[in-house]
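Enquirer: Would you mind keeping the following structure in view while I ask a few things?
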Amino acid sequence: MPESPPPLRAPGMSRCGAIRLGLALFAFFPTLAHPPRPALADDPRLAVRLAPAEVRQGGVSVLSVKWSSPIRGLRIQVGDREIAAPSPDGRSRWVVLTGIDLEQRPGPLAIRVEAVDGSGRPLTGQATLRVLDARFPVQRLTVPRPFVELDIATLERVNREKALLDQVWETLTPQRYWRDPFRVPLDGAGPAYGFGLRRIINGEPRSPHTGADFAASAGAPVRAANAGIVALVADHFFAGRSVILDHGLGLYTMYFHLQEGLVQPGQRVERGEIIAHVGSTGRATGPHLHWGARLYGARIDPQELLKRLPLD
Ligand SMILES: [Zn+2]
């Protein structure tokens, strides 16, 4: 593989997008399928609310479930994906972030909540999230084949790295580590670009760009977007040196193409703490920060986390 890829970057195009080609590196989180259940009437004792109820692909909604009398066995399902629900004991509500994968089909997405009341009778609550088409830009490129094809050894490496990341997304920490709002991971950063960019290389659709890229100088400090635990420090083929933070309740943020990581797996980091410096490691055409986020496996726009998230 040549060291220096050709200058493929068009104005406004993702720097990662130019060359991070090929495989569905960040494939969809395996969904948790359940057999169909008999339809039950909604019970007014179990109220389900979404704010907002309309979300673009890659967006985030706050899901709240309230119950007016004791329940047990709470289960929450968003589409065909189950999200962690706590033991209802000692609570009267549960509020959690729900993410819409950037490739979720536009249209209605059913939210179904189930529980059992004190007498053992089933309760259900439902809501519908309307997924809007984000109309992500499409980038068409024609590039020499050697730049889009990986040799066998590299392909095996990429597959190993993908499996490792999938293990991270499947690990759901049952508590939330953060309280304060999320922040941009760079000081004085301009707007990020490139989230959701759909790439068609030599006529073939490739995996979309799953992060937001920030222009930055090599060596600029990269700060934790919020409090969390370091889930992974790695040096991967596409992502280069990378740090992934677990913020709890299925939410992860990731920081790619770093010069080096300054943190260790398992370490607790605070919001704004310097965790690395900007670099251009992995498949990057120059120094920049690729900031990504996963929420219960859904590939969301990390900039959605900067909005007001009324969780308390
Ligand atoms: Zn990127």
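Just so it is clear, none of the values below were taken in a lab; they were calculated from the coordinates. The shown structure was predicted, so the numbers you read here are calculated from the model rather than taken from an experiment. As a convention, Cβ positions derive from the backbone with ideal geometry for all residues, glycine included, and neighbour counts pool all protein chains shown.
Enquirer: So GLY194 passes all but one of these: (1) at positive phi; (2) in contact with a strand residue (DSSP E or B) (Cβ under 7 Å, 6 or more places away or on another chain); (3) away from the ligand (no atom under 16 Å from the Cβ). Which condition number does it fail?
Expert: Tallying (1) at positive phi; (2) in contact with a strand residue (DSSP E or B) (Cβ under 7 Å, 6 or more places away or on another chain); (3) away from the ligand (no atom under 16 Å from the Cβ), GLY194 fails exactly one: (3).
Enquirer: Scan the range 202-225 and tell me whether some residue there is in contact with an Asp or Glu (Cβ under 9 Å, 6 or more places away or on another chain) and surrounded by fewer than 16 Cβ atoms within 10 Å (Cβ to Cβ).
Expert: Checking the range 202-225: not a single residue is in contact with an Asp or Glu (Cβ under 9 Å, 6 or more places away or on another chain) and surrounded by fewer than 16 Cβ atoms within 10 Å (Cβ to Cβ).
Enquirer: Six or more apart or on different chains, Cβ under 6 Å: which pairs go from a residue in the range 128-145 that's surrounded by fewer than 18 Cβ atoms within 10 Å (Cβ to Cβ) to one that's β-branched (Val, Ile, Thr) and outside any loop (DSSP other than H, G, I, E, B)? Could you list them?
Expert: The qualifying pairs are ARG140/ILE200.
Enquirer: Since ILE229 meets every condition but one in (1) assigned to a loop (DSSP other than H, G, I, E, B); (2) in contact with a Phe, Trp or Tyr (Cβ under 9 Å, 6 or more places away or on another chain); (3) farther than 14 Å from ALA293 by Cβ, which condition does it not meet?
Expert: Unmet condition: (1).
Enquirer: Tell me whether the range 88-102 contains one or more residues that are surrounded by fewer than 19 Cβ atoms within 10 Å (Cβ to Cβ) and under 22 Å from the mean Cα position of the chain (by Cα). Spell out how you get there, then give the answer.
Expert: Initially, the range 88-102 is screened for residues surrounded by fewer than 19 Cβ atoms within 10 Å (Cβ to Cβ), giving 88-95.
Imposing the further condition that a residue be under 22 Å from the mean Cα position of the chain (by Cα) reduces the set to 94-95.
Yes, the range 88-102 has at least one match.
Enquirer: Here is a further query. Within the range 258-312, restricting attention to residues that are surrounded by fewer than 18 Cβ atoms within 10 Å (Cβ to Cβ) and within 12 Å of the ligand (Cβ to nearest atom), which residue is farthest from ASP180 (Cα to Cα)?
Expert: GLY286
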